[in-house]
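The values are calculated or read from the model by the stated rules, or taken from the named source; none is laboratory data. The model shown is predicted, which means the values in this text are computed figures rather than measured ones. Neighbour counts run over all protein chains shown; Cβ positions are idealised from the backbone, glycine included. Calculation scope for accessible area: heavy atoms of the full protein, side chains included, ligands and nucleic acids excluded. Shrake-Rupley method; radii C 1.70, N 1.55, O 1.52, S 1.80 Å.
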Amino acid sequence: MKIIVSVKQVPARDSSLRAGSDGKRLDETDLTYEMNEPDAYALEEALQLKEKLGGEVVVLSAGPDRVAQTIREALAKGADRAIHVQLNDGTQLDPLAAARLLAKAVEAEKADIVLTGLQSDDLGYGQTGVIMAELLGYAHATIVMEVEPQGDHVRVKRELEDGWFQNVLLPLPVVLTIQSGIKKLRYATLMGIKKAKTKEMKVISSGELQAEFATGLTIERVYVPQRNKQSQIFSGDAKRAAHELAEKLKFEARVI
Amino acid sequence: MSVLVVMEQRDGKLSRMSFEALAAGQQIAGILDVQAQAAVIGYSDNAKIAGVERVFALDDPLLTEYTPDGYTAAIEQLIQAQQPQAVVFPHTYQVRDYAPKLAARLGKVLISDVVAVKAEEASPVFVRQLFQGKLNADVKAASEQQFVSIQAGAFRVSEAPAARAPVERFPVKLDASQIRSKPEAPFREAQRSIDLGAAEVIVSVGRGIKEKDNLPIVEALADVLGAELAASRPICDNGWLPMERQVGSSGQTVSPKVYFAIGISGAIQHLVGMKGSKTVVAINKDENAPIFEAADYGVVGDLFEVVPALVDEIKKVKA
Ligand SMILES: Cc1cc2nc3c(=O)[nH]c(=O)nc-3n(C[C@H](O)[C@H](O)[C@H](O)COP(=O)(O)OP(=O)(O)OC[C@H]3O[C@@H](n4cnc5c(N)ncnc54)[C@H](O)[C@@H]3O)c2cc1C
Ligand SMILES: Nc1ncnc2c1ncn2[C@@H]1O[C@H](COP(=O)(O)O)[C@@H](O)[C@H]1O
């Protein structure tokens, strides 16, 4: 079984975010980066599938030089090798452009199962995996919680709204977008980190992939949203703020 | 030329989000100066759709159960026949599953999860959130034909009485061999033992709590208020609290008298589960956290200081 996991590097969760000087993209100075959270669950699912079925887990990531760090983390956790699609710093990919690049890289590999996160924490399109499936001609399912291989099929548990779920049977090859969930994420061991250094990381330039690179959307402006609700905000000393809040809750909102 | 709004129906009922998408579609139609039209797969007569030029009903035995292959093929045929200038969807889980595929098949990008539409010289500019609501982006489609999905709660449904739009059956051509996935019947996990929906006061905790061992800090607040404890998704994913205490689009929907959001950033998937609360109190160290937008009262500060202080103050005012 060959499993490809598509992993995106995104700004760390507690980053303070500002628009850059052109007002059209994020100011990237001083940012630190991490693996997109649902992608970490996709990687975990891939590693567990490999433990069950044997085969190979290949990590795939598109981005500038810095994404090598996230790729190494995935290798240290147990992925077998990696493909890094090299992009210039600050390249903005819309989901169709991203999927075109990633699908080209997958095509050359002929995977049985492609796993992506269900959504990126930075751009939040929630689309790249689904578009990859369309471009590759693979079947797909989104918001997947569990994957159960059944010969040349997989049976997956999908999350629906309001606490509902649904099982779906799909033929291989398949693209699945993985939801974060109850499966515990593993840590990289010392041994794993050491071994990662010897694993193959193939770097391909985006040009080499000859993917169509037209953007389907343009970002005109990035900004901190204007808050419009009249909320009463207390700040400063914690004790004073707590006192004021308690008073309001008792005498104004009358809820205690 | 038209704007086509694809509405979603379940058990013979159109969802609220479908009507919100319709409101957005009407606004986009206004900007483009064209008519709005609607499409419903599995149309049933009790669907009352007004304010559009007509409604296309798409029916086929192969569309009885949702599959991405079936829905994509069916709506693609309608789009090819009508050539709408914009196609608008509610950003539901179902739409997330097939609309990116449909747009890609036509060589377009779906502008997903849109929260507002503005006009710029007779063409629409779409506002979408980045970083789970911490930043906004104004986005324009590069193509003539545009695909957009609309976030829950972002548009107000028109209550104005209007005449029901005429319904036209649109025949689709589908073949069973086109449909690769086999869906089984939807199900729910074992009965919930906690009904957060009935709680009057809820203390809800998010990733700001950092560790499971810190939970007693918020439990103390829940105790003094006689409140139920709830959580955002990552807390339940980590197994720190049981899944049945999760609030949000994939958890429970609650509407207590007071909802305390503690160390919760306020991502839309959380907000949809709690914005029916009468009073919302947010405690967060980040003054720009989107949760403050939904809050009536907020404290900007470190929950590890603010929550114990609040427990003391509540004891005082209660005494
Ligand atoms: C399809 C889908 C379905 C989903 N369903 C749900 C759902 O049902 N429910 C749900 O909740 N989420 C759901 N999510 C996830 C959602 O998008 C967010 O990722 C999640 O709600 C974030 O949880 P959080 O606010 O606890 O964590 P974070 O976003 O990490 O926020 C933590 C907050 O704590 C604050 N903080 C940190 N330290 C402190 C401190 N010392 N004092 C005070 N504040 C502090 C930070 O400023 C930050 O605002 C879903 C996502 C998807 C894609
Ligand atoms: N540049 C990228 N490199 C690798 N994977 C990506 C990239 N962009 C998106 N993805 C994958 O697609 C998923 C969904 O991203 P998005 O469509 O942006 O929400 C992510 O969780 C990743 O698995």
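Odds and ends about this structure:
- Within the shell of other residues whose beta carbon sits under 10 angstrom from the beta carbon of B:Ala104, the net charge comes to +3, with Lys and Arg scored +1 and Asp and Glu -1.
- Length-normalised contact order of chain A in % [C-alpha pairs under 8 Å, at least 6 apart]: 23
- Charged-residue dipole, Cβ positions (Lys, Arg, Asp, Glu), chain A about Cα centre, Debye nearest 20: 620
- Only one residue of B:Val117, B:Pro61, B:Asn46 has its Cα farthest out toward the positive end of the dipole of the range B:26-142, where Lys and Arg carry +1 and Asp and Glu -1 on Cβ, and that residue is B:Val117.
- Sequence-distant contacts, meaning Cα pairs under 8 Å at least 6 residues apart, place the relative contact order of the range A:119-222 at 20 percent.
- Here the range B:21-166 is treated with +1 on each Lys and Arg Cβ and -1 on each Asp and Glu Cβ, and its dipole about the Cα centre works out to around 360 debye.
- Net length available on complete extension from A:Glu51 to A:Arg66 is 2.5 nm, with 0.36 nm assigned per residue and the Cα-Cα distance removed.
- List B:Phe304, A:Phe165, A:Phe251, B:Phe89, ordered by accessible area with a 1.4 Å probe, largest first: A:Phe251, B:Phe304, A:Phe165, B:Phe89
- In terms of accessible area, using a 1.4 Å probe and ignoring ligands and nucleic acids, B:Arg156, B:Arg10 rank largest first as B:Arg156, B:Arg10.
- Solvent-accessible surface of chain B, averaged per residue with a 1.4 angstrom probe and all protein chains in place: 40 square angstrom.
- Relative contact order [Cα under 8 Å, 6+ residues apart], the range B:196-318, whole percent: 25
- In chain A, the DSSP beta bridges split such that about 35 percent are antiparallel, to the nearest 5.
- Solvent-accessible surface (1.4 angstrom probe) belonging to A:Asp152, in square angstrom, nearest 10: 100
- Cut-off 10 Å between beta-carbons: net charge of the residues surrounding A:Val10, Lys and Arg +1, Asp and Glu -1: -3
- Length available on full extension from B:Ala122 to B:Arg105: 0.36 nm per residue minus the Cα-Cα distance, which gives 3.4 nm.
- Net charge of neighbours whose Cβ lies under 14 Å from the Cβ of A:Gly124, counting Lys and Arg as +1 and Asp and Glu as -1: -1
- Taking all protein chains as they are arranged and a probe of 1.4 Å, the heavy atoms of A:Glu208 leave approximately 130 Å² accessible to solvent.
- B:Asp60 versus B:Ser143: modelled label distance in nm, points set 7 Å from Cα along the beta carbon direction: 2.0
- Between the Cα long axis of helix A:37-53 and the first principal axis of chain A there is an angle of about 30°, rounded to the nearest 10.
- Accessible-area order (highest first, 1.4 angstrom probe) of the listed residues A:Arg66, A:Arg81: A:Arg66, A:Arg81
- Inter-label distance for B:Glu219 and A:Leu17, nm, one decimal - labels placed 7 Å from Cα along Cα-to-Cβ: 3.4
- Estimated distance in nm for a label pair at A:Arg227 and A:Thr215, the labels positioned 7 Å out from Cα along Cα-to-Cβ: 3.1
- For chain B, the dipole from Cβ point charges (+1 on Lys and Arg, -1 on Asp and Glu) about the Cα centre works out to 200 debye, to the nearest 20.
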